[in-house]
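Step one of this worksheet: look at the structure below.
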Ligand code: UTP
C-alpha cells in the first residue's frame, strides 16, 4: 500500500522572479490557495496522509502554512472569516508533514534522493506542485457543471500501480514543438488498453527531431524504492542536474515502468502562461458553482 507522498519543492522557480525571490514558488496562490495545498489535497483524495516535503533555503513559508497560526485563529474566531481556514485546518488534522532540506539544487532526481530519509524502503508517490492537476470536467467546455466526484490524477495512478506493481509515470500528449520541455517516453500499449504503456525508452528534454513520441511525463510519479539506489549511481545529465528520467530509464530497461495517460487536465504553473490559464480556469469554475 502506498502511504507517503513526496513533494520536491526546493527549486529556485526562476521563471517567476522577482515573485520567487523570497516566496517559494509552491506558495504562489491560484485564487486563494497556494499551489502546494492543491497537491496535498490531491494526495489526500488518493488516500495518502503522510506528506514528505523537500525544501531549501527561503522555503520556510511552506512549513508555516501546514501549521497552526494561534494569533490568526484567535483573531478570526467567531467571525464570518473563520470558515476560510476550514480546508487547511482539515488537511492539517488528517496529515503529517515532514521536511528535509536539499542543500544544493542538483535537480529533481537529486531532490527525490534527498527524500529517501523520509520515505524509507517502500513505494511512494511524487507530486510536483507546480503541475496543478484537476479531473473536474471543465465547465467552460460545454456549460455543464463540473463533475466533482471524478477521481484525481494520483488516485487513478494508484489504481494502475495496484495492477502492475512497478513505477508509474503520468503522461500527456504535447505539441511536437514542446518536447524540449519534458521527459518524453516511447512505449507499447499493455493489455489492449489505449492509455497504459510499458515504457521502452525515455529521453530528457529532446529536440523534436530526437523525440521518440510526443508523450511527455508530467509532475506525477509513483516510484518503487529501488529508485534510490539507482539515483545514487546516476551521473549528472542534461543541465548538470541529476535527472529522474535517467533513473527511470534504468527501471524501464527491466520492463518496470508503466506510463499512464491520465484523465483530467494539467496546468504548468511553473510558467507564467500556465499559471494564468489555471487561475482563469479555477475562477470560472468557482463563479459557476
Ligand atoms: P523545475 O524544473 O520547475 O525547476 O523543477 P525550478 O527551479 O523549480 O523552476 P525554474 O525552471 O527555475 O523556474 C521541477 C520540480 O522539481 C523541484 C522544483 O521545486 C519543482 O517542483 N526541484 C527541482 C527540486 O526540488 N530541486 C531541484 O534541484 C530542482
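For segment 155-193, how many residues meet the condition of being within 21 Å of the chain's Cα centre (by Cα) and closer than 16 Å to residue 221 by Cβ?
21
Tell me, which residue of segment 246-289 that is in contact with a strand residue (DSSP E or B) (Cβ under 8 Å, 6 or more places away or on another chain) and farther than 26 Å from residue 151 by Cα is nearest to the ligand (Cβ to nearest atom)?
Here is the first cut: in segment 246-289, the residues in contact with a strand residue (DSSP E or B) (Cβ under 8 Å, 6 or more places away or on another chain) are 246, 248-249, 251-252, 255-262, 264-270, 274-275, 277-279, 281-282.
Retained after the next criterion (residues that are farther than 26 Å from residue 151 by Cα): 246, 249, 251-252, 255.
Working: 246: 14, 249: 18, 251: 19, 252: 20, 255: 27 Å.
Ranking the qualifying residues of segment 246-289, first place goes to 246.
Would you mind listing the helices (runs of 4 or more DSSP H) fully within segment 79-128 where at least 1 residues are surrounded by 19 or more Cβ atoms within 10 Å (Cβ to Cβ) and near the ligand (Cβ under 9 Å from one of its atoms)? So that I can check it myself, show each step before the final result.
Values: elements: 86-94, 108-114, 116-119.
So the answer is 108-114.
Can you report the number of residues in segment 1-21 which are outside any loop (DSSP other than H, G, I, E, B) and either closer than 14 Å to residue 129 by Cβ or within 14 Å of the ligand (Cβ to nearest atom) (or both)? Explain how you work it out, then say what you get.
Applying the first criterion (outside any loop (DSSP other than H, G, I, E, B)) to segment 1-21 yields 4-8, 14-16.
Going one step further and asking which of them are either closer than 14 Å to residue 129 by Cβ or within 14 Å of the ligand (Cβ to nearest atom) (or both), we end up with 5-8, 14-16.
Here the count works out to 7.
Sort out which residues of segment 261-274 are out of contact with any helix residue (DSSP H, G or I) (no Cβ under 8 Å at 6 or more places or on another chain) and assigned to a helix (DSSP H, G or I), and write them in order of number.
273, 274
Report, by residue number, each residue of segment 22-44 that is part of a loop (DSSP other than H, G, I, E, B) and either within 11 Å of the ligand (Cβ to nearest atom) or without any contact (Cβ under 8 Å) to a residue 12 or more places away in the chain (or both). It would help to see each step written out before you state the result.
Initial filter on segment 22-44 (part of a loop (DSSP other than H, G, I, E, B)): 22-24, 28, 31-32.
Within segment 22-44, just 24 meets the criteria.
When you scan segment 150-170, how many residues do you find that are out of contact with any helix residue (DSSP H, G or I) (no Cβ under 9 Å at 6 or more places or on another chain) and part of a loop (DSSP other than H, G, I, E, B)? Even if it seems obvious, please write down each step before you answer.
From segment 150-170, those out of contact with any helix residue (DSSP H, G or I) (no Cβ under 9 Å at 6 or more places or on another chain) are 150, 156-165; that's our starting set.
Add one more test, that the residue is part of a loop (DSSP other than H, G, I, E, B), and what stays is 150, 165.
Of the residues in segment 150-170, 2 are out of contact with any helix residue (DSSP H, G or I) (no Cβ under 9 Å at 6 or more places or on another chain) and part of a loop (DSSP other than H, G, I, E, B).
Across segment 48-74, what is the total count of residues that are free of Cβ contacts under 8 Å to residues at least 24 places away in the same chain and surrounded by 11 or more Cβ atoms within 10 Å (Cβ to Cβ)? Steps first, answer last, please.
To start, the set of residues in segment 48-74 that are free of Cβ contacts under 8 Å to residues at least 24 places away in the same chain comprises 60, 64, 69-74.
Among the residues that remain, those that are also surrounded by 11 or more Cβ atoms within 10 Å (Cβ to Cβ) are: 60, 69, 72-73.
Residues flagged as free of Cβ contacts under 8 Å to residues at least 24 places away in the same chain and surrounded by 11 or more Cβ atoms within 10 Å (Cβ to Cβ) within segment 48-74 amount to 4.
Hey, could you check segment 45-58 for residues that are more than 9 Å from the ligand (Cβ to nearest atom) and assigned to a loop (DSSP other than H, G, I, E, B) and say which is nearest to residue 84 (Cα to Cα)? So that I can check it myself, show each step before the final result.
Our first condition is that a residue be more than 9 Å from the ligand (Cβ to nearest atom); within segment 45-58, this holds for 45-53, 57-58.
Within this subset, residues satisfying the condition of being assigned to a loop (DSSP other than H, G, I, E, B) are 46-49, 57-58.
Details: 46: 24, 47: 24, 48: 24, 49: 22, 57: 29, 58: 26 Å.
Per the criteria, the residue is 49.
Taking residue 232 as meeting all but one of (1) crowded, with 17+ Cβ neighbours inside 10 Å; (2) modelled with pLDDT of 95 or more; (3) in a helix (DSSP H, G or I), write down the number of the exception.
(1)
I'm told residue 64 meets every condition in (1) within 14 Å of the ligand (Cβ to nearest atom); (2) part of a helix (DSSP H, G or I) except one. Can you identify the failing condition by its number?
(1) is the only condition that residue 64 fails.
If residue 247 satisfies all but one of (1) more than 22 Å from residue 120 (Cα to Cα); (2) touching a helix residue (DSSP H, G or I) at 6+ places or on another chain (Cβ under 8 Å); (3) buried (at least 18 other Cβ atoms within 10 Å of the Cβ), what's the number of the condition it fails?
Evaluating residue 247 over (1) more than 22 Å from residue 120 (Cα to Cα); (2) touching a helix residue (DSSP H, G or I) at 6+ places or on another chain (Cβ under 8 Å); (3) buried (at least 18 other Cβ atoms within 10 Å of the Cβ) leaves (1) as the failure.
Identify all residues within segment 171-205 that are in contact with a strand residue (DSSP E or B) (Cβ under 9 Å, 6 or more places away or on another chain), within 16 Å of the ligand (Cβ to nearest atom) and outside any strand (DSSP E or B); write none if there are none.
174, 178, 179, 181, 182, 205
The values are calculated or read from the model by the stated rules, or taken from the named source; none is laboratory data. Values in this document were obtained by computation on a predicted structure and should not be read as measured data. Positions of Cβ are backbone-derived with ideal geometry, glycine not excepted, and every protein chain shown enters the neighbour counts.
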